[in-house]
Amino acid sequence: MSSMMQPQIILLKEGTDTSQGRAQVVSNISACTAVADTVRTTLGPRGMDKLIHDDKGTTISNDGATIMRLLDIVHPAAKILVDIAKSQDSEVGDGTTTVVLLAAEFMKEAKPYVEDGVHCHNIIRSYRSAGNMAIERVKELAVSIEGKSLEEKKSLLAKCAATTLSSKLISGEKEFFASMVVDAVLAIGHDDRLNLIGIKKVPGGTMRDSFLVNGVAFKKTFSYAGFEQQPKKFLNPKILLLNIELELKSEKENAEIRLSDPLQYQSIVDAEWNIIYDKLDKCVQSGAKIVLSRLAIGDLATQYFADRDIFCAGRVTEEDLQRLSSATGGTVQTSVNNVIDEVLGTCEIFEEKQVGNERFNIFSGCPSGQTATIVLRGGADQFIEEAERSLHDAIMIVRRAVRNSTVVPGGGAIDMEISKHLRLHARSIAGKSQVFVNSFAKALEVIPRQLCDNAGFDATDVLNKLRQKHAADGGANYGVDINTGGIADSFANFVWEPAVVKINAINAATEAACLILSVDETVKNPKSESAQGDAAAMGGRGGGGMRGRGGRGMRRR
């Protein structure tokens with residue numbers, strides 16, 4: 001009776017929504033499973049594509065990270081899956097759908113135990129140890145491609161790239177693009193900055209019209225009078241890279257000059273012209289046959305260079321200018337005074353070529369050779385965009401395979417082998433952990449199962465064959481055969497993926513599952529939510545309250 005008389009204790013602000021306990025963990029798991037169901041059908045060579053329509057336009061993709069980013073998920077627990085997909089994409093480039101599926105499956109397997117009252121930390125402890133064992137097993141099974149000749153290495157890397165591209169929209173031309181990607185990655189050597197490989201998109205033509213430039217290629221920039229009179233091809237030219245404007249500069253708006261003699265006016269006008277002519281003359285004296293600038297090169301300069309058989313282009317993007325600097329050995333100048341030979345770049349061939357409706361400036365045979373450009377052709381803009389995303393994944397995979405030169409069999413083979421290894425280990429454990437490790441092992445089978453489902457095969461039948469094969473000696477490399485609906489040696493069929501992709505996926509998925517299982521309360525503060533809404537509304541009205549002081553005022557960003 002006395003307990004009923006106690007006053008109610010108010011801890012949080014009025015209107016605060018709290019959800020806690022077992023029901024909250026189950027709810028979070030259900031939300032993550034729903035997210036995984038969205039990308040589930042995109043896995044593998046027979047995966048389907050998603051069409052996402054938003055205010056920015058239409059996107060067609062089957063890249064897990066792209067879909068997760070565009071879905072704009074608001075559930076706080078499910079956002080963790082978006083984060084691990086992004087981290088997998090930035091770290092290794094591929095396996096984004098895999099990591100989301102694995103994390104959701106780990107949680108799905110844990111859900112019945114949570115509902116039965118098992119403490120989450122018992123499950124987490126077992127999952128962490130199982131995850132570490134799985135990663136160790138991947139490292140044991142990985143095969144090194146070090147010590148091979150360049151031709152052999154190229155062939156092995158092309159097979160890794162082809163495995164990645166087989167699940168993409170451009171899978172029909174995977175061999176064509178795989179060799180192109182390998183050549184591009186090997187062209188940049190040990191400097192593995194991704195921005196050294198440029199991808200330029202030109203609508204029109206077929207995918208087979210795409211080509212690789214061992215050097216730099218970029219679209220012809222804004223052209224001025226006299227542009228067509230310039231030479232369009234050079235052999236071994238010297239290249240001057242600038243970050244200055246070569247235009248006739250007028251006086252500033254409020255400039256005021258008082259003259260006592262009208263004849264002095266002409267001398268002021270002449271001074272303006274002399275400044276620009278002096279700059280142009282110094283560019284010509286440097287011996288450069290190609291002048292490129294990040295800023296504008298105007299009508300006067302273009303005609304001046306054309307009269308002296310020099311090619312020029314202004315408004316070249318920062319990225320392209322930096323890639324040109326790396327490739328040609330030139331240094332970007334902020335002044336035309338004292339331009340010496342050491343700061344000029346060079347290349348074997350420069351030419352301006354027509355590609356579709358665009359003109360491209362192509363620099364090939366560069367001495368440093370530290371860059372490459374892929375020019376992509378295709379029909380619709382959405383198709384080329386997806387082709388670019390696909391090539392990005394393939395480039396990342398080949399870069400990782402070059403740096404961490406170990407590969408594992410794909411097609412669900414490695415997942416089945418780890419699953420078998422963990423099941424055998426589970427038998428040697430006493431207590432509840434045995435059940436949890438077994439569930440972790442079962443969850444790993446989601447990858448081969450989904451590959452079968454997406455290809456329209458009987459998943460139960462194929463998985464039974466795989467379990468039987470992996471249980472026997474010498475069956476570690478067997479995975480799903482997408483072509484026949486049976487099983488095949490993935491290694492012999494060259495279905496490979498870098499070991500780092502699988503290690504990163506298992507690690508990230510285990511961490512995400514353990515993190516979500518450890519959350520048992522969600523608190524929503526209505527005040528903070530309404531404050532965000534008010535701020536957005538203020539921004540939408542243009543921040544009228546900011547005006548009044550100091551003229552028009554500035555919008556706060």
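The values are calculated or read from the model by the stated rules, or taken from the named source; none is laboratory data. Not measured: the values here are computed from a predicted model. Cβ sites come from the backbone with ideal geometry, for glycine too, and all protein chains shown count toward neighbours. The protein model used for the area step is the full one, side chains on, heavy atoms only, and it has no ligands, DNA or RNA in it. Shrake-Rupley method; radii C 1.70, N 1.55, O 1.52, S 1.80 Å.
Roughly what % of DSSP beta bridges within the chain run antiparallel, to the nearest 5?
70
Which net charge results for the neighbourhood of residue 50, defined as the other residues with beta-carbon distances under 14 angstrom from its beta-carbon, given Lys and Arg at +1 and Asp and Glu at -1?
Within the 14 Å Cβ shell, the charges total -3.
The Cβ shell under 15 Å around residue 111 holds other residues with a net charge of -3, Lys and Arg each +1, Asp and Glu each -1. Highest mean packing first, where packing is the average number of other Cβ atoms within 10 Å per residue, the peptides 491-504, 274-287 line up as 491-504, 274-287.
Between the residues 157, 176, 144, the greatest Cα displacement towards the positive end of the dipole of segment 137-193, with unit charges on the Cβ of Lys, Arg, Asp and Glu, is found for 144.
When the residues 121, 421 are ordered by accessible surface, computed with a 1.4 Å probe over the protein chains alone, the sequence from largest down reads 121, 421. Annotation note: GluC sites (Glu not before Pro) in segment 250-322 located in DSSP loop regions with a Cβ neighbour count of at most 13 within 10 Å are 251, 253, 256. Only protein heavy atoms count here; under a 1.4 Å probe, residue 149 has an accessible surface of about 60 Å². List the trypsin sites (Lys or Arg not before Pro) in segment 410-498 that DSSP assigns to loop (not H, G, I, E or B) and whose Cβ has at most 10 other Cβ atoms within 10 Å. Which are they? In loop regions of segment 410-498 (DSSP not H, G, I, E or B), the sparsely surrounded trypsin sites (Lys or Arg not before Pro) are 427.
Which value, in Å², gives the accessible area per residue of the chain when a 1.4 Å probe is used on the protein heavy atoms?
Ligands and nucleic acids excluded, the figure is 50 Å² per residue.
The computed Cα extents along the principal axes in Å for the structure shown corresponds, within (i) 105, 74, 38; (ii) 79, 58, 43; (iii) 76, 70, 54, to (i). When only the Cβ of Lys, Arg, Asp and Glu is charged (+1, +1, -1, -1), the dipole of the chain relative to its Cα centre reaches about 1080 debye. For residue 282, a cut-off of 19 angstrom between C-alpha atoms picks up these lysines, skipping any fewer than 8 places away in its own chain: 238, 249. The GluC sites (Glu not before Pro) found in segment 124-224 that occupy coil by DSSP, while having at most 12 further C-beta atoms within 10 Å, are 146. Over 25 Å apart at the Cα level, from the set 86/168; 154/502; 174/420; 86/154; 432/502, are 174/420; 86/154; 432/502. Classify segment 404-461 as rounded, prolate or oblate, taking a ≥ b ≥ c as the square roots of the eigenvalues of its Cα gyration tensor: rounded when a/c is under 1.5, otherwise prolate if a/b is larger than b/c and oblate if not. Verdict is oblate for segment 404-461. Highest mean packing first, where packing is the average number of other Cβ atoms within 10 Å per residue, the peptides 353-362, 334-343, 397-406 line up as 397-406, 353-362, 334-343. In the chain, a dipole from Cβ-located charges (positive for Lys and Arg, negative for Asp and Glu) runs towards its positive end, and of 240, 80, 431 it is 431 whose Cα lies farthest in that direction. When the Debye formula is applied to the Cα atoms of segment 20-119, each taken as the same point scatterer, what base-10 log of I(q)/I(0) results at q = 0.16, 0.22, 0.24, 0.25 Å⁻¹? Once normalised to I(0) and log-transformed, intensities are -0.69, -1.11, -1.25, -1.31. Here the 3J(HN,Hα) profile of segment 201-217, calculated from phi with Karplus coefficients 6.51, -1.76 and 1.60 at θ = phi - 60°, is 10, 10, x, x, x, 10, 4, 5, 7, 5, 8, 10, 10, 7, x, 10, 9 Hz, Gly and Pro shown as x. Computed from Cα atoms, the angle from the helix 499-517 axis to the main principal axis of the chain rounds to 60 degrees.
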